[in-house]
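The values are calculated or read from the model by the stated rules, or taken from the named source; none is laboratory data. None of these values were measured; they are calculated from a predicted model. All Cβ positions, glycine included, derive from the backbone under ideal geometry; neighbour counts span all protein chains shown.
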């Protein structure tokens, strides 16, 4: 449908090649063939032809240094390989090629050779050093599990042998062989580290298989992803005799998925057994001590001499006399405390009464000074427009409005004339 929208468009050559490459992006696949005689090597990339051994059909491949590194050794003419990549058109010559992302040798002999070369290289770079391995907690409760959801053998074996100890499992489904397995396995490790940093261990597992089926676990990309994981990693790949590069870099290697599960569950199982044994031991020890104390006490009661009883009684008599004296003294002190308490209460009442008389006198004085009484006697109070009491006619002028308050009500007046002494003329408003 998208193609139909562009069929009437007139492209430039460059635009058309870009148009084709957009449609070729999803064409990622795996192609197997034989490396041609001519390999053009450059500092950052190489060109070579991949030839079909049956009819000699060929296609050019473009591989960067990182893609070539996935081979684990040197690319040589006549070598049978598989390349992972996608189709692309070069602008310079319009030629179709495969943009290679990964190279895998074909055949058990070639795979073993690649394995040894890559193992030596990664070992020299320190990826397998014991010093860099992370410690796994003794009692693990949160586990990240990376394996296939299709081939249920490894996943089922692992989960069954974990036992019922309340483990929290975060499962990341991934291809474990074939096309693009490496990318999914690497994505699983990166995802669990980013989204579930609280996990105590990651278990990466699958069942047994041939050298070819285990090839994803012999890739440099996956080795480096395991090494970069902040969460410790347990590898449980294949059968006991199967060894991969991931086994070398993992913090712990388990021979099988079942072995990995038991490594995590056995500390809990042993702890349960130890708790039971310890409880029984402590109970037996406690019972023995109680019996020993009881027996000793019974023997002491039977064999205690009369003189010891007399001495104990004498001792009790000696301490009882001082205690009686102390008790009498405490009785006298109690009486003194009660007397002083009553005296304090009496003094406090006298003080309160005196203050009450003073307060009543102050109230009478304030009542006599109340302006309301003066008003009832026929006096009035005049205030200016700001509400201040007018005590001097010098503080007002003609035309001012003043308020006069009487015992009952008030009036507003306008000043007509001002004389020192009495104001004769007022006009009520």
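Some notes on this structure:
- Residue match in region 120-129 (condition: surrounded by 14 or more Cβ atoms within 10 Å (Cβ to Cβ), in contact with a helix residue (DSSP H, G or I) (Cβ under 7 Å, 6 or more places away or on another chain), at pLDDT 90 or above and under 24 Å from residue 101 (Cα atoms)): yes
- Residue 140 vs. criteria over 24 Å from residue 83 (Cα atoms), in a strand (DSSP E or B) and touching a strand residue (DSSP E or B) at 6+ places or on another chain (Cβ under 9 Å): no
- So residue 169, is it in a strand (DSSP E or B) and either surrounded by fewer than 20 Cβ atoms within 10 Å (Cβ to Cβ) or not assigned by TED's automatic domain parsing to the domain that holds residue 244 (or both): yes
- Restricting 220, 240 to residues that are in contact (Cβ under 8 Å) with a residue 12 or more places away in the chain and within 17 Å of residue 102 (Cβ to Cβ) narrows the list to 220.
- Per the listing 53, 70, 64, the residue uniquely in contact with a strand residue (DSSP E or B) (Cβ under 9 Å, 6 or more places away or on another chain) and exposed (fewer than 13 other Cβ atoms within 10 Å of the Cβ) is 53.
- Within the set 177, 190, 159, the sole residue that is in a loop (DSSP other than H, G, I, E, B) and assigned by TED's automatic domain parsing to the domain that holds residue 260 turns out to be 177.
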